[in-house]
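The values are calculated or read from the model by the stated rules, or taken from the named source; none is laboratory data. Keep in mind that this is a model prediction, so the values were computed, not measured. Positions of Cβ are backbone-derived with ideal geometry, glycine not excepted, and every protein chain shown enters the neighbour counts.
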Amino acid sequence: MRNLITHPAWTDEDLGAPLPDTRHAISVCLPTWDSVIGYEEGRDKVVRRMRCGYPRFFKHPLVERLFNEASKQLAVESERVVVFPHREAAQRALRFVEKRTGAAARIVSYDGLQALIVPEAVFVVAMEYWRYTGEIVSSRQAYDVLDGDGLWKFDVSALRERIAGFGNYQVEDVFLYESGMSGIYAVHRAVTGMFSGKKTLQIDFPYVDALKIQNHFGSGAVMLNDSFGESLDEALKRIRQGEFAAVFCEVPSNPLLRTLDLEKVHHACREGGVPLVVDDTVASVYNVNVAKYADVVTSSLSKWVSGKGDVLAGCVQLVESSPFYNDFRGFFDDDSVEGSRLYAADAAVLDENSMGFLERMSPVNANGLALVSLLEDHPAVDKIWYPSLCATENYDDIKREIGGYGGLISFTLKNEKKAPKVYDSLKVSKGPSLGTEFSLVCPYTLLAHYDELEWAAGCGVPKSLIRISVGTEDSDALLATFREALDLG
């Protein structure tokens, strides 16, 4: 079991340091509340010290070098280059840029990858496509191109079989993607192709870019934030009438850890002929069986399945009993040739990391329950969101026999003004991700919704919310660390 990662004396030198400190880390240290705000506002003091960041939001230094090298070779004055892993992604990005801006762009092959060349003035729009869709070049992919050895191959059959086994899927129904968001985007492309002209429905407050994909592509989206009571009843009525191209949801949701009544939604979707798309990332396939009701399941493999914070990956899993199975199977056989769009070097790392998935989830579940108990008893804590505390009956309906309630917890303090002090005092890793085997904390709303804090608050997600991704550390040490910080609140 991994020891507790503590940082008893954070300094400015720690700002932006990769966690873990590897060449291909996908998380980053933002040790203070003010550094989070500085990152969101683009303050030079913060951004210039960041050596790494979450790959869809912050170009890895190797990816930055790749972009620069491609620009030197392919671009002319007042042009910029965005490199994509394959031609289909570059073509979709080109259409996105042209539709949004009216600017002309072009695509050129580049060392086995694809370079989208755009006017400098619309580069930011091309990078929005990169961020929203997750169809990105990884740092390992960039390294292999820059190193001159070229792209290499890896047999993903054992990895696909292992991923399938976690959820009892057929291996041929598991498709690997460059990122979790790339998988969601692929499903969105599938359903909007099947039901052209219809909007999608997002139920419950979602991860930020899962909603942006639905808003920016296809025919748009309807969002239902309140997934209980009369609001849900009205949504179920519209689903039964076949109004939507698909229903998207995360179970449990992020960061409010609420569990939708999937059985009700499932029956409404069957009646209306609407696919139900469920993401199980937050609790993981170890803990929940959403395929019980879903037509297709998406997961970010970067999180609990990897556990190391050093590889980006996602998957789409088809449910054989779904009435839409043949349509989905045809789409994904074409979209993910031989079952994988994940780069070989990333697949090799995920293959190794995923071997420890089942072993690490039991201590994660135990630590999650123990920390929730501490939060419940602490006088400084106001509200806690966790699957064992809200909509528990719905969660228990999909909880696996060996499963627990997961390692993601959100909470607020009674005195929200003390949230920065408590956050700054926590001697654990801090950054914008989840699912690592070391505990990771972030002021979630500030990171995900800094430009729309009022809207998020109106959806029940306060700006002072602190989200914890619990790791596999010694439970007593973990509780002592949180108790020490909470005593300041």
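Structure notes:
- Count - residues of region 140-153 that are crowded, with 16+ Cβ neighbours inside 10 Å and either touching a Phe, Trp or Tyr at 6+ places or on another chain (Cβ under 9 Å) or in the same structural domain as A210 (by TED's automatic domain parsing) (or both): 5
- Pairing residues of region 313-332 that are more than 24 Å from A347 (Cβ to Cβ) with residues that are part of a helix (DSSP H, G or I) and of a type in the set (V, I, T), at Cβ distances under 9 Å and at least 6 apart in sequence or on separate chains, gives F324/V191.
- Every listed requirement among (1) over 23 Å from the mean Cα position of the chain (by Cα); (2) surrounded by 23 or more Cβ atoms within 10 Å (Cβ to Cβ) is met by A245 save one, (1).
- Inclusion of E452 among residues that are assigned by TED's automatic domain parsing to the domain that holds Y386, more than 19 Å from G53 (Cα to Cα) and modelled with pLDDT under 95 is warranted.
- Count of region 431-485 residues which are in a helix (DSSP H, G or I) and under 25 Å from A210 (Cβ atoms): 15
- Among the candidates V222, V251, residue that is within 25 Å of E271 (Cβ to Cβ), surrounded by fewer than 17 Cβ atoms within 10 Å (Cβ to Cβ), modelled with pLDDT of 95 or more and β-branched (V, I, T): V222
- Considering S78, S71, S139, the condition of being touching a residue at least 40 places away in the same chain (Cβ under 8 Å), among the hydroxyl-bearing types (S, T, Y) and over 25 Å from D335 (Cβ atoms) is satisfied by S78 alone.
- Out of Y169, Y132, sole residue that is over 16 Å from M355 (Cα atoms) and out of contact with any strand residue (DSSP E or B) (no Cβ under 8 Å at 6 or more places or on another chain): Y132
- Some residue of region 362-384 being touching a residue at least 12 places away in the same chain (Cβ under 8 Å), closer than 26 Å to F154 by Cα and among the hydrophobic types (A, V, I, L, M, F, W, C): no
- For region 111-126, a residue qualifies if it is closer than 17 Å to E88 by Cα and either of a type in the set (G, A, S) or crowded, with 20+ Cβ neighbours inside 10 Å (or both), and the qualifying residues are G112, L113, Q114, A115, L116, I117, V118, A126.
- When F411 is tested against (1) more than 19 Å from the chain's Cα centre (by Cα); (2) under 25 Å from L224 (Cα atoms); (3) part of a helix (DSSP H, G or I), just one condition goes unmet, and that condition is (3).
- Residue check, D173 in contact with an Asp or Glu (Cβ under 8 Å, 6 or more places away or on another chain) and assigned by TED's automatic domain parsing to the domain that holds A345: yes
For every residue, the table says whether it meets (1) of a type outside the set (D, E); (2) at pLDDT below 95; (3) over 22 Å from T259 (Cβ atoms).
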site: L211; (1), (2), (3): yes, yes, no
site: D226; (1), (2), (3): no, yes, no
site: G229; (1), (2), (3): yes, yes, no
site: A235; (1), (2), (3): yes, no, no
site: R238; (1), (2), (3): yes, no, no
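- Hits in region 391-446 - residues which are over 16 Å from C29 (Cα atoms) and of a type in the set (S, T, N, Q): T392, N394, S410, T412, N415, T445
- Number of the exception - I203 against (1) surrounded by fewer than 22 Cβ atoms within 10 Å (Cβ to Cβ); (2) in contact with a strand residue (DSSP E or B) (Cβ under 6 Å, 6 or more places away or on another chain): (1)
- Considering (1) charged (D, E, K, R); (2) farther than 21 Å from G403 by Cβ; (3) crowded, with 23+ Cβ neighbours inside 10 Å, the lone condition that E271 does not fulfil carries the number (3).
- Residue-level check: of (1) surrounded by fewer than 16 Cβ atoms within 10 Å (Cβ to Cβ); (2) at pLDDT below 95; (3) closer than 15 Å to W33 by Cα, V428 misses just (1).
- The one condition in (1) in contact with a Gly (Cβ under 8 Å, 6 or more places away or on another chain); (2) at pLDDT 95 or above; (3) not basic (K, R) that S433 fails to fulfil: (2)
- Residue pairs meeting the criteria (Cβ under 6 Å; at least 6 apart or on separate chains; first outside the structural domain of E250 (by TED's automatic domain parsing) and at pLDDT 95 or above, in region 275-296; second part of a helix (DSSP H, G or I) and surrounded by fewer than 24 Cβ atoms within 10 Å (Cβ to Cβ)): none
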